[in-house]
Amino acid sequence: MSSPAYNVTITRVINCTANELYDACTDPTIVQRWLGATSLEADVRVKGAYRVEVEETDGKLRTFAGQYKVLAVGHRIVQTFADTAAPVGLFSDEELEIQLAPQGSLTKLTLIHSWNGADLPPTERKAREARWSASLERLSLAVELPGTLDS
């Protein structure tokens, strides 16, 4: 996707190396914990598929699925991203990109969730930003304080 019409971008500086953060973003066991997913299946390789289920606050399960497009160790992850319950055609060319930039012993992580099609109403956009922010807070805990998210 060269130029998406819409995106949500969140940036965090996390106390770990870019490679440690990359590992935490590609190890299915760790990803499941920081996403707060009830299940996650992932074939982590370019063109490999993934599927993740999360339980919403109302108890309903939501499923997201996609395919890995770019896996550049310690630098960048790009994957397609789709809510399997979204009406067909509502969003198109949906991607999730994670950029990693070393800053000494820290790493700047930029998460970009982008799409074409319909924009989100302001309340839904804020809710999406809040969900990604919460996930990145859990990711930060997972790498800075290992064992924190263990059940």
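The values are calculated or read from the model by the stated rules, or taken from the named source; none is laboratory data. Since the structure is predicted, the reported quantities are computational estimates derived from the model, not experimental observations. Neighbour counts run over all protein chains shown; Cβ positions are idealised from the backbone, glycine included.
Here's the yes/no breakdown for (1) hydroxyl-bearing (Ser, Thr, Tyr); (2) over 16 Å from Trp132 (Cβ atoms); (3) buried (at least 17 other Cβ atoms within 10 Å of the Cβ):
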{"site": "Ala5", "(1), (2), (3)": "no, yes, no"}
{"site": "Ala18", "(1), (2), (3)": "no, yes, yes"}
{"site": "Leu21", "(1), (2), (3)": "no, no, yes"}
{"site": "Ala24", "(1), (2), (3)": "no, no, yes"}
{"site": "Val31", "(1), (2), (3)": "no, no, yes"}
{"site": "Ser39", "(1), (2), (3)": "yes, yes, no"}
{"site": "Tyr50", "(1), (2), (3)": "yes, yes, yes"}
{"site": "Gly74", "(1), (2), (3)": "no, yes, no"}
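Taking the listed residues Val13, Val46, the one that is at pLDDT 95 or above and assigned to a loop (DSSP other than H, G, I, E, B) is Val46, with no other qualifying. For Leu100, are the conditions met, namely being over 21 Å from Arg125 (Cα atoms) and touching a Cys at 6+ places or on another chain (Cβ under 9 Å)? Considered against the rule, which asks whether it is over 21 Å from Arg125 (Cα atoms) and touching a Cys at 6+ places or on another chain (Cβ under 9 Å), Leu100 comes out as yes. Only residues that are of a type in the set (A, V, I, L, M, F, W, C), under 16 Å from Tyr22 (Cβ atoms) and free of Cβ contacts under 8 Å to residues at least 40 places away in the same chain were counted in the stretch 38-87, giving 6.
Checked against the criterion of being free of Cβ contacts under 8 Å to residues at least 60 places away in the same chain and in a helix (DSSP H, G or I), the stretch 108-122 contains one or more residues that satisfy it. Just one of the listed residues (Val70, Val88) is among the aliphatic types (A, V, I, L, M), part of a loop (DSSP other than H, G, I, E, B), loosely packed, with under 15 Cβ neighbours inside 10 Å and over 13 Å from the mean Cα position of the chain (by Cα), and it is Val88.
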